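Since the structure comes first, as structure tokens, the remarks are kept for the end.
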Amino acid sequence: KVPSVFFLAILFLVFILLPLGAIFLSSFLKVAGDVSFSNLTTANYNYLFHMNETLSAFGSSFALAFLGGISCCAVGLGISYYVSRYANKRNYILESLATLPFSIPGTVIALALIVSFGRVWGIGNISLLGTPFILLLAYISKDLAISVQTLTPAVGQIDKSLVEAGKVCGATSAEVTDKVLFPLLFPALKGVFLLSALPMISELTMSILLYRDWE
């Protein structure tokens, strides 16, 4: 155990702490590469937080990540429940389609959305360019695989007899979901939300390609 912990600590130091520390330190430098007290400054942060776009960018990123995480939980739960409860070969095709975009580069997904919902080549008169909805759609498409792959085993561990017992006692489907399924799946849903929302906050490639000023 001790050698393993030591090895992981070295990896954490080399691949996470040192790069992040170098980025943090460089943000206080006037001239890159000159690590001296005379070269330290907070002017970079003063410039950053005096920009009008900064607060808007933070607000948009967190709002889209929150909505995207919630959407991934809801859509992933629906797909996972259907696949687990009605298992057949066709349902696994649905699961595969839900997880496929995760293996596709973000650039390809962004270009596909531009072609599908653009102003020139869009589907009919539908155009999402210039709105936050196209970013939300891209985030959900990319990270839905995390939700499906996490929730499918969690749903499969819940015995069908619990749902049947609830219905025998007179509970509706909504009540069974609220009183039986949701409490049992809540820990998994919390993990899915964090695993989906955090990558959405830091997503850069699709955001650059799809962003338009919608304010």
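The values are calculated or read from the model by the stated rules, or taken from the named source; none is laboratory data. Everything numeric here is computed off the predicted structure, so don't read it as measured data. Here the Cβ is made from the backbone with ideal geometry for all residues, glycine too, and neighbour counts use every protein chain on show. Areas reflect the complete protein model, heavy atoms only, side chains present, ligands, DNA and RNA absent. Shrake-Rupley method; radii C 1.70, N 1.55, O 1.52, S 1.80 Å.
Out of all the residues in the range 146-155, is one or more surrounded by fewer than 17 Cβ atoms within 10 Å (Cβ to Cβ) and over 20 Å from PHE66 (Cα atoms)?
Our first condition is that a residue be surrounded by fewer than 17 Cβ atoms within 10 Å (Cβ to Cβ); within the range 146-155, this holds for 153.
Going one step further and asking which of them are over 20 Å from PHE66 (Cα atoms), we end up with 153.
Yes, because at least one residue in the range 146-155 is surrounded by fewer than 17 Cβ atoms within 10 Å (Cβ to Cβ) and over 20 Å from PHE66 (Cα atoms).
Tell me the helices (runs of 4 or more DSSP H) entirely within the range 148-215 that contain at least 2 residues that are on the phi < 0 side of the Ramachandran plot and touching a helix residue (DSSP H, G or I) at 6+ places or on another chain (Cβ under 6 Å).
Values: elements: 160-168, 173-176, 182-202, 205-210.
Fully inside the range 148-215 and qualifying: 160-168, 182-202, 205-210.
Do you know which residues across the range 25-73 are open to solvent by less than 50 Å² (accessible area, probe 1.4 Å), outside any loop (DSSP other than H, G, I, E, B) and over 30 Å from ALA145 (Cα atoms)?
Matches in the range 25-73: LEU29, ASN39, THR54.
So, in the range 83-108, how many residues would count as being modelled with pLDDT under 85 and of a type in the set (Phe, Trp, Tyr)?
Qualifying residue count for the region: 2.
Which condition breaks for LEU18 when tested against (1) modelled with pLDDT under 90; (2) more than 25 Å from the chain's Cα centre (by Cα); (3) open to solvent by 50 Å² or more (accessible area, probe 1.4 Å)?
For LEU18, the failing item is (1).
So which of GLY170, GLY166 is surrounded by fewer than 12 Cβ atoms within 10 Å (Cβ to Cβ) and at pLDDT below 85?
Values: GLY166 fails: surrounded by fewer than 12 Cβ atoms within 10 Å (Cβ to Cβ).
When all the criteria are applied, what remains is GLY170.
Under 6 Å between Cβ atoms, which residue pairs at least 6 apart in sequence (or on different chains) link something in the range 33-58 that is within 30 Å of PRO132 (Cα to Cα) with a partner that is surrounded by 10 or more Cβ atoms within 10 Å (Cβ to Cβ) and among the aliphatic types (A, V, I, L, M)?
Final answer for the pair search is THR54/LEU48.
Under the condition of being more than 21 Å from GLU95 (Cβ to Cβ) and aliphatic (A, V, I, L, M), which residue from the range 46-77 is nearest to the chain's Cα centre (by Cα)? Let's see the steps before the verdict.
To start, the set of residues in the range 46-77 that are more than 21 Å from GLU95 (Cβ to Cβ) comprises 46-67.
Of the ones still in play, those that are also aliphatic (A, V, I, L, M) are 48, 51, 55, 57, 63-65, 67.
Numbers: LEU48: 26, MET51: 27, LEU55: 21, ALA57: 17, ALA63: 12, LEU64: 9, ALA65: 6, LEU67: 10 Å.
Here the residue is ALA65.
Would you check if LEU111 is modelled with pLDDT of 80 or more and either farther than 13 Å from LEU210 by Cα or open to solvent by less than 80 Å² (accessible area, probe 1.4 Å) (or both)? Please lay out each step first, then the result.
Details: modelled with pLDDT of 80 or more: yes; either farther than 13 Å from LEU210 by Cα or open to solvent by less than 80 Å² (accessible area, probe 1.4 Å) (or both): no.
Spelling it out, it is not the case that LEU111 is modelled with pLDDT of 80 or more and either farther than 13 Å from LEU210 by Cα or open to solvent by less than 80 Å² (accessible area, probe 1.4 Å) (or both).
Of the conditions (1) over 27 Å from THR177 (Cβ atoms); (2) in a helix (DSSP H, G or I); (3) touching a Lys or Arg at 6+ places or on another chain (Cβ under 8 Å), LEU129 satisfies every one except a single condition; which number is it?
(2)
Could you list all residues from the range 130-180 that are of a type in the set (Val, Ile, Thr) and touching a residue at least 60 places away in the same chain (Cβ under 8 Å)?
Within the range 130-180, THR131, ILE134, ILE140, ILE146, VAL148, THR150, THR152, VAL155 meet the criteria.
Residues of the range 74-91 being among the hydroxyl-bearing types (Ser, Thr, Tyr), over 16 Å from ILE146 (Cβ atoms) and touching a residue at least 12 places away in the same chain (Cβ under 8 Å), which ones?
Restricting attention to the range 74-91, the residues satisfying the condition of being among the hydroxyl-bearing types (Ser, Thr, Tyr) are 80-82, 84, 86.
Among the residues that remain, those that are also over 16 Å from ILE146 (Cβ atoms) are: 81-82, 84, 86.
Of everything in the range 74-91, those that are among the hydroxyl-bearing types (Ser, Thr, Tyr), over 16 Å from ILE146 (Cβ atoms) and touching a residue at least 12 places away in the same chain (Cβ under 8 Å) turn out to be TYR81, TYR82, SER84.
Which one is least open to solvent (accessible area, probe 1.4 Å), of the residues in the range 74-89 that are of a type in the set (A, V, I, L, M) and not in a loop (DSSP other than H, G, I, E, B)?
If we take residues in the range 74-89 being of a type in the set (A, V, I, L, M) and not in a loop (DSSP other than H, G, I, E, B), then VAL83 is least open to solvent (accessible area, probe 1.4 Å).
Report yes if some residue within the range 92-99 is more than 24 Å from PHE193 (Cβ to Cβ), open to solvent by 30 Å² or more (accessible area, probe 1.4 Å) and either assigned to a helix (DSSP H, G or I) or free of Cβ contacts under 8 Å to residues at least 40 places away in the same chain (or both); otherwise report no.
Restricting attention to the range 92-99, the residues satisfying the condition of being more than 24 Å from PHE193 (Cβ to Cβ) are 92-93.
From what is left, the residues that are open to solvent by 30 Å² or more (accessible area, probe 1.4 Å) are 92-93.
If we keep only those that are either assigned to a helix (DSSP H, G or I) or free of Cβ contacts under 8 Å to residues at least 40 places away in the same chain (or both) as well, we get 92-93.
There is at least one residue in the range 92-99 that is more than 24 Å from PHE193 (Cβ to Cβ), open to solvent by 30 Å² or more (accessible area, probe 1.4 Å) and either assigned to a helix (DSSP H, G or I) or free of Cβ contacts under 8 Å to residues at least 40 places away in the same chain (or both).
Any residue in the range 199-215 that is basic (Lys, Arg) sitting within a Cβ distance under 9 Å of a residue that is at pLDDT 85 or above and assigned to a helix (DSSP H, G or I)? List the pairs, counting only those 6 or more apart or interchain.
That search, which allows pairs on different chains as well, returns ARG212/ILE134.
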